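What follows draws every value from the coordinates through simple rules; no lab data is involved. Since the model is a prediction, treat every value here as computed from it, not as a measurement.
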Amino acid sequence: MFMLIIMTCKKICLDHKAENFGKNRYLNNQKRCQICEIFIQWEGTWCPCCGHMLRTHPRNSKSRKKFDILKSRH
């Protein structure tokens, strides 16, 4: 028996919406939810709104290299 889990945005994430202070949001401890399509300021690994795993690193290879260099400096 399979259980179908539908991950949808319930707009709870808007309470945790992160402000953009610089070019690299990931270095400012902001995380992105792909379902809600928003950057949030959240300590957990999972989105408080939809339950989807939050992204903590850039997907773009150019941005990822820049992120890795800046992260190693801190």
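The candidate values were (i) 34, 14, 11; (ii) 26, 15, 9; (iii) 32, 10, 7; the one computed from these coordinates for semi-axes √(5λ) of the Cα gyration tensor in Å carries the label (ii).
Counting lysine pairs in the chain that sit 8 or more residues apart in sequence, or on different chains, and whose Cα atoms lie under 21 Å apart gives 13. Over the chain, DSSP H runs of length four or greater, each weighted -39,500 (n - 2.57), average out per residue to a 222 nm ellipticity of -5500 deg cm²/dmol. Averaging the sequence gap over all C-alpha pairs within less than 8 Å and six or more residues apart, then dividing by the number of residues, gives region 12-73 a relative contact order of 31 percent.
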